[in-house]
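Each remark here refers to the structure printed beneath this line.
Taken together, the values in this text are just the output of simple stated rules run on the coordinates, not laboratory data. Because the structure is a prediction, the values reported are computed rather than measured. Here Cβ is always computed from backbone atoms with ideal geometry, including for glycine, and neighbour counts include all displayed protein chains.
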2 protein chains.
Amino acid sequence: MINPTEPEGPQDAGRPANQGRRVAARNRAALIAAAREVFAEQGLDAPLSAVARRAGVGQGSLYRHFADRIALATAVLDENVQHVEQAAAEPGADLASVLGVITWQITRSTAFVDLLRIRGDDEHARALAGRVHTVLSRCLPAGHRLSADDVMLAVAMVSGAVAGPTPQERERRALAAWSLLGVEVGPLRPVETAAEDA
Amino acid sequence: MINPTEPEGPQDAGRPANQGRRVAARNRAALIAAAREVFAEQGLDAPLSAVARRAGVGQGSLYRHFADRIALATAVLDENVQHVEQAAAEPGADLASVLGVITWQITRSTAFVDLLRIRGDDEHARALAGRVHTVLSRCLPAGHRLSADDVMLAVAMVSGAVAGPTPQERERRALAAWSLLGVEVGPLRPVETAAEDA
């Protein structure tokens, strides 16, 4: 079950170190992407073996990168926030385009939102929320009727509205929720993961 | 641990049957009220012994009324919906006063909302949502800018916004969420449980 391209220990000693690091980084990225999909489909109780299988990575490799389910879910949320920051840095980015990315994440990460709730006022979660708050503050045009706090609350509200068996149904409800709030949202879209070894 | 006022079996054979039923109904109501508080404070994983203790009822009695945790949580949700219907039937009731009751429940029943989410598209949950939809349809003044579907979505959105360690903090966020939606909400208040044996 161990992915033969992942360094496994002493037998890799002769391999160039940076090649090993590249493979490890690729496996880690694949595991995060797979976890996002599998948890979204099957909930937070999904077997981690399903995540490893979806990523095409061995279970031993999964546990080397992520000690447990919480560590894996946290990595997905970290990447979500990184993507929001990336989206805000794109040329022509504005509040609507950034909200489009956040809303796409909400419709794909309901399980992670539940996890955040279950963990409660965890310090790491607060730090992530703080980074999203900073991004939203920078995107808000001067004189906008909503404050950054309002938009953070609105994001939580849209998360609450998002339910349904398919991403399409969840997107429909998310857009209806933004519409009730009178907030314009750009296209719902993921952000491409930046190549880690470009 | 068994509450001596609850009929336990053959030794109650000589007692008038309606007295036994009265005690059983009172215990059941106390268990539901205690479950609402304990689950809200400690989450859905709270030990059922804590619920029995809070209700002043024996654990044997708890399990006679409720086969498991889900049955108990479902009874709380059933009572919530009954209370919403009761609130809508009060003289002078309007959309704002009914939303005040629903919002009070949201701030006290976050754990139950999570349970509903976890159970997914359960038929019983859908039936309960249908009854709330009926109440809201009847309360909506003709020509209101929102439809009953919109108000149901708004309730889900407010649920998403409600987080925080204390009921006060959760109420503050719930009211901020309604305010973002531009929806007037009456005082947040519980509905008194109708006496079962008046």
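Between residue B:94 and residue A:192, the simple label model (points 7 Å from Cα in the Cβ direction) yields a spacing of 5.5 nm. Neighbours of residue B:85, meaning other residues whose beta-carbon lies under 13 angstrom from its beta-carbon, give a summed charge of -1 when Lys and Arg score +1 and Asp and Glu score -1. In nanometers and ordered shortest first, the copy-to-copy spacing of the residue B:96 label point, defined 7 Å from Cα toward Cβ, is 3.4.
Plainly put, the tip 7 Å out from Cα toward Cβ on residue A:147 is 3.5 nm from that tip on each other copy, the closest given first. Label zone of residue A:85 (point 7 Å out along Cα→Cβ, amide N under 12 Å): in segment A:123-151 this covers A:128-135. The alpha carbon gyration tensor of segment A:69-180 gives principal lengths a ≥ b ≥ c with a/c of 1.5 or higher and a/b no greater than b/c, which makes the shape oblate. Dipole check for segment B:11-65: with +1 at the C-beta of Lys and Arg, -1 at the C-beta of Asp and Glu, and the Cα centre as origin, the magnitude is about 320 Debye. Taking a label point 7 Å from the Cα of residue A:42 along the Cα→Cβ vector, which residues of segment A:57-83 have an amide N closer than 20 Å to it? Only A:57-77 fall inside the zone, counting backbone N under 20 Å.
Under the rule a/c < 1.5 gives rounded, and otherwise a/b versus b/c splits prolate from oblate, where does segment A:31-116 land using the Cα gyration tensor? Prolate, because a/c is 1.5 or more and a/b exceeds b/c. Taking amide H atoms as placed 1.01 Å from N in the peptide plane, the amide H of residue B:58 lies under 5 Å from those of B:3, each 5 or more residues away in sequence or on another chain. Shape call for segment B:11-65 from the C-alpha gyration tensor, a ≥ b ≥ c root eigenvalues: rounded (a/c under 1.5), prolate (a/b greater than b/c) or oblate? Cα axes put segment B:11-65 in the prolate bin.
Averaged over peptide B:159-169, the number of partner chain Cβ atoms lying within 10 Å of each residue's Cβ comes to 4.
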